[in-house]
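*Asks:* Can you read through this structure? Questions will come right after.
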Amino acid sequence: MSVYKVRQPVLRGGKPIESCVFEGDDLETTIHVGVFVAGELVAVSSFLKNKHDKVLSECQYQLRGMAVLESFQNKGLGSIMLNYGEQLLKNKLTGVIWCNAREVALNFYKKQGYTIVGEPFNIKNIGLHYTMKKKLT
Ligand SMILES: CC(C)(COP(=O)(O)OP(=O)(O)OC[C@H]1O[C@@H](n2cnc3c(N)ncnc32)[C@H](O)[C@@H]1OP(=O)(O)O)[C@@H](O)C(=O)NCCC(=O)NCCS
């Protein structure tokens with residue numbers, strides 16, 4: 001899957017392509033959003049129909065694998081991609097989007113209207129994460 005080509009350098013640097021595969025990537029309910037620049041895929045994000053036990057909503061999606069190739073970061077692509085995915089999910093009557101955000105991306109998500117849920121937690125070899133959510137409807 002071509003999303004792995006962006007996930008691998010940005011989120012799994014140095015690790016094999018298998019480490020980029022998420023459970024549910026191939027499900028019909030999963031939505032992958034990407035940004036192409038001059039025909040090249042440079043940014044990806046995936047929305048999976050997953051429930052979080054601290055998030056109350058009948059229909060909720062998890063945002064995973066938010067990644068912009070390094071030379072394309074800080075140009076607004078992440079925001080555009082996220083807004084696009086949110087609009088798609090809004091049209092599918094999704095109540096809430098949640099994600100487990102890396103500490104470095106915390107401000108990015110805050111600016112996009114996401115708020116922290118509960119306490120931060122550590123993911124081995126990656127670091128501190130915060131569960132964050134945004135109400136869509
Ligand atoms: C986090 C990430 C997805 C954000 O995507 P991005 O395209 O860099 O994000 P944007 O450009 O939309 O916004 C990021 C910042 O750039 C700023 N920005 C937006 N448009 C800009 C522009 N045209 N020029 C300069 N800066 C801009 C934003 O204000 C924001 O500032 P902040 O750092 O103070 O929050 C991306 O940086 C990335 O892949 N990082 C590494 C992997 C990662 O941490 N992923 C998240 C896992 S939870």
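The values are calculated or read from the model by the stated rules, or taken from the named source; none is laboratory data. Bear in mind that the values here come from a model prediction, so they are computed numbers and not experimental data. Cβ placement follows ideal geometry from the backbone for every residue including glycine, while neighbour counts extend to all protein chains displayed. Heavy atoms of the whole protein, side chains included, go into the accessibility calculation; ligands, DNA and RNA do not. Shrake-Rupley method; radii C 1.70, N 1.55, O 1.52, S 1.80 Å.
*Asks:* Would you be able to say whether some residue in region 38-54 is part of a strand (DSSP E or B), in contact with a Phe, Trp or Tyr (Cβ under 6 Å, 6 or more places away or on another chain) and within 12 Å of the ligand (Cβ to nearest atom)?
*Replies:* Within region 38-54 (the criterion being part of a strand (DSSP E or B), in contact with a Phe, Trp or Tyr (Cβ under 6 Å, 6 or more places away or on another chain) and within 12 Å of the ligand (Cβ to nearest atom)), the answer is yes, since at least one residue qualifies.
*Asks:* Are any of the residues in region 99-113 touching a residue at least 40 places away in the same chain (Cβ under 8 Å), in contact with a strand residue (DSSP E or B) (Cβ under 6 Å, 6 or more places away or on another chain) and within 14 Å of the ligand (Cβ to nearest atom)?
*Replies:* Checked against the condition, which is being touching a residue at least 40 places away in the same chain (Cβ under 8 Å), in contact with a strand residue (DSSP E or B) (Cβ under 6 Å, 6 or more places away or on another chain) and within 14 Å of the ligand (Cβ to nearest atom), region 99-113 yields no hits at all.
*Asks:* Spot the failing condition for residue 21; the list is (1) open to solvent by less than 60 Å² (accessible area, probe 1.4 Å); (2) farther than 28 Å from residue 135 by Cβ, and only one is missed.
*Replies:* Failing condition for residue 21: (1).
*Asks:* Can you tell me which residues in region 36-49 are closer than 25 Å to residue 135 by Cβ and either under 11 Å from the mean Cα position of the chain (by Cα) or surrounded by 18 or more Cβ atoms within 10 Å (Cβ to Cβ) (or both)?
*Replies:* 43, 44, 45, 46, 47, 48
*Asks:* Residues being within 19 Å of residue 60 (Cα to Cα), assigned to a loop (DSSP other than H, G, I, E, B) and open to solvent by 60 Å² or more (accessible area, probe 1.4 Å): count how many of those fall in region 97-137.
*Replies:* Of the residues in that region, 1 qualify.
*Asks:* Still on this structure: For region 21-36, indicate whether the set of residues that are more than 21 Å from residue 103 (Cα to Cα), part of a loop (DSSP other than H, G, I, E, B), within 16 Å of the ligand (Cβ to nearest atom) and of a type outside the set (D, E, K, R) is non-empty.
*Replies:* No, there is no match, as no residue in region 21-36 is more than 21 Å from residue 103 (Cα to Cα), part of a loop (DSSP other than H, G, I, E, B), within 16 Å of the ligand (Cβ to nearest atom) and of a type outside the set (D, E, K, R).
*Asks:* Pick from region 60-78 the residues that are open to solvent by 30 Å² or more (accessible area, probe 1.4 Å) and under 16 Å from residue 132 (Cα atoms): which of them is nearest to the ligand (Cβ to nearest atom)?
*Replies:* 66
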